[in-house]
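Visitor: I'd like to ask you about the structure that follows.
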Amino acid sequence: CNVIDELFEMFESYLRDQGLEARGGQIIDATLVPVPKQRNRREDNKEIKANRVPDGWNESPKRLQQKDLDARWVKKNDINHYGYKNSICIDAEHGFIRRFVVTPANIHDSQMLPMLLDPENHDDCVWADSAYSGERFKDLLSLAGFENRIHEKGSRNHPLSAAATERNSIRSQTRARVEHVFGCFATSMGGKFTRKIGLEKNKAWWSLKNLTFNFLRYLYLSSNSLVSI
């Protein structure tokens with residue numbers, strides 16, 4: 001993916017030259033990337049989950065090429081999903097993807113926060129949903145000089161106060177802009193379902209897809225006199 005990373009950075013430099021540097025703070029979120037489900041024996045799945053190649057698979061290279069050893073299952077809203085996750089950071093003013101990380105689906109969103117924070121954004125605010133909440137990340141943002149606009153999260157014994165609920169509602173008005181990116185993937189860029197096998201191929205595919213979104217976003221802003229939606 002080094003070449004793709006270079007292309008991404010080249011276009012980022014172009015955006016800065018056009019006066020479209022990252023501004024307005026940043027919005028972080030992740031979307032699931034489904035891939036074809038594997039038909040494996042239960043014993044084989046246990047080996048894969050333990051990051052081992054099941055017995056006998058190395059003896060059949062053609063079969064091994066068709067097996068995804070990196071995709072993982074995750075449950076979201078009581079629904080099981082299989083595949084990967086595309087975590088992104090967009091700037092709030094222009095809506096370009098500034099940073100991204102592609103991982104197996106079972107990696108929790110919050111683990112990617114340090115890799116997604118963009119120190120080059122001109123403004124300090126960070127928006128994200130409650131999956132990124134917690135004292136650890138609150139401290140991280142504070143130490144790095146960011147202003148925390150992450151949604152607050154209640155619990156069974158400590159529900160959100162009316163004030164916290166109102167703050168979340170206000171933050172949602174900005175945070176929702178990242179959903180436009182995921183909506184574009186789903187409706188204008190062929191959907192999110194991916195037939196690539198393995199993490200490296202999915203990283204390359206989604207790196208190009210993220211870059212393509214930035215191309216489309218630039219064309220949209222250019223044709224609309226750089227007025228953001």
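The values are calculated or read from the model by the stated rules, or taken from the named source; none is laboratory data. Remember, it's a predicted structure, so these values are computed and weren't measured experimentally. Just the protein is used for accessible areas: all its heavy atoms, side chains included, with ligands, DNA and RNA removed. Shrake-Rupley method; radii C 1.70, N 1.55, O 1.52, S 1.80 Å.
Visitor: May I have the extent of the alpha carbons of the stretch 34-105 along their three principal axes, as whole Å values ordered from largest to smallest?
Guide: 53, 29, 19
Visitor: Shifting gears a bit: Would you calculate a helix-derived [θ] at 222 nm for the chain, using -39,500 (n - 2.57) for each DSSP H run of n ≥ 4 and dividing by the full residue count, to the nearest 500?
Guide: One gets -12500 deg cm²/dmol as the mean residue ellipticity at 222 nm.
Visitor: Of the heavy-atom accessible surface of the chain (probe 1.4 angstrom), what whole percent is carbon and sulfur?
Guide: 50 percent
Visitor: Please build a GNM for the chain, connecting alpha carbons under 10 Å apart, and tell me which residue among Leu116, Leu216, Leu32 fluctuates the most.
Guide: Among Leu116, Leu216, Leu32, the largest mean-square fluctuation in the Gaussian network model of the chain belongs to Leu216.
Visitor: Multiply the residue separation of Ser172 and Asn51 by 0.36 nm, subtract the distance between their alpha-carbon atoms, and state the gained length in nm to one decimal.
Guide: My answer for the length gained is 39.8 nm.
Visitor: If each residue of separation counts as 0.36 nm, what is the full-extension length gain between Asn80 and Leu143 once their alpha-carbon separation is subtracted?
Guide: Once the chain is fully extended between Asn80 and Leu143, it gains 19.1 nm.
Visitor: Along the stretch 6-19, what does the Karplus equation 6.51 cos²θ - 1.76 cosθ + 1.60 (θ = phi - 60°) give for ³J(HN,Hα), rounded to whole Hz, x for Gly and Pro?
Guide: The phi angles translate into 5, 4, 4, 5, 4, 6, 4, 5, 4, 4, 4, 5, 8, x Hz.
Visitor: Next question, about the same structure. Rank Lys192, Lys75, Lys201 by mean-square fluctuation in a GNM of the chain with C-alpha springs under 10 angstrom and give only the top-ranked residue.
Guide: Lys75
Visitor: Mind checking which lysines have their C-alpha under 18 Å from Lys49, skipping anything on the same chain fewer than 8 residues away?
Guide: Cross-link targets: Lys37, Lys67, Lys75, Lys85.
Visitor: Compute the Rg/Rh shape ratio of the stretch 186-228: radius of gyration over Kirkwood radius, all on alpha-carbon atoms.
Guide: 1.12
Visitor: Still on this structure, I have one more. Taking the chain as a Gaussian network, where each spring joins two C-alpha atoms under 10 Å apart, which residue of Leu208, Leu143, Leu113 fluctuates the most?
Guide: Leu143
Visitor: For the stretch 77-87, just list the computed ³J(HN,Hα) in residue order, Karplus coefficients 6.51, -1.76 and 1.60, θ = phi - 60°, integers in Hz, with x standing in for Gly and Pro.
Guide: These are the phi-based 3J(HN,Hα) values: 6, 6, 10, 7, 10, 10, x, 10, 9, 10, 9 Hz.
Visitor: Between Ser130 and Lys37, what length in nm is gained on full extension when 0.36 nm per residue of separation is reduced by their alpha carbon distance?
Guide: Stretched fully, the Ser130-Lys37 segment lengthens by 30.6 nm.
Visitor: Another question, then. So what's Rg/Rh here for the chain, counting alpha carbon atoms and using the Kirkwood radius for Rh?
Guide: My calculation of the ratio gives 1.01.
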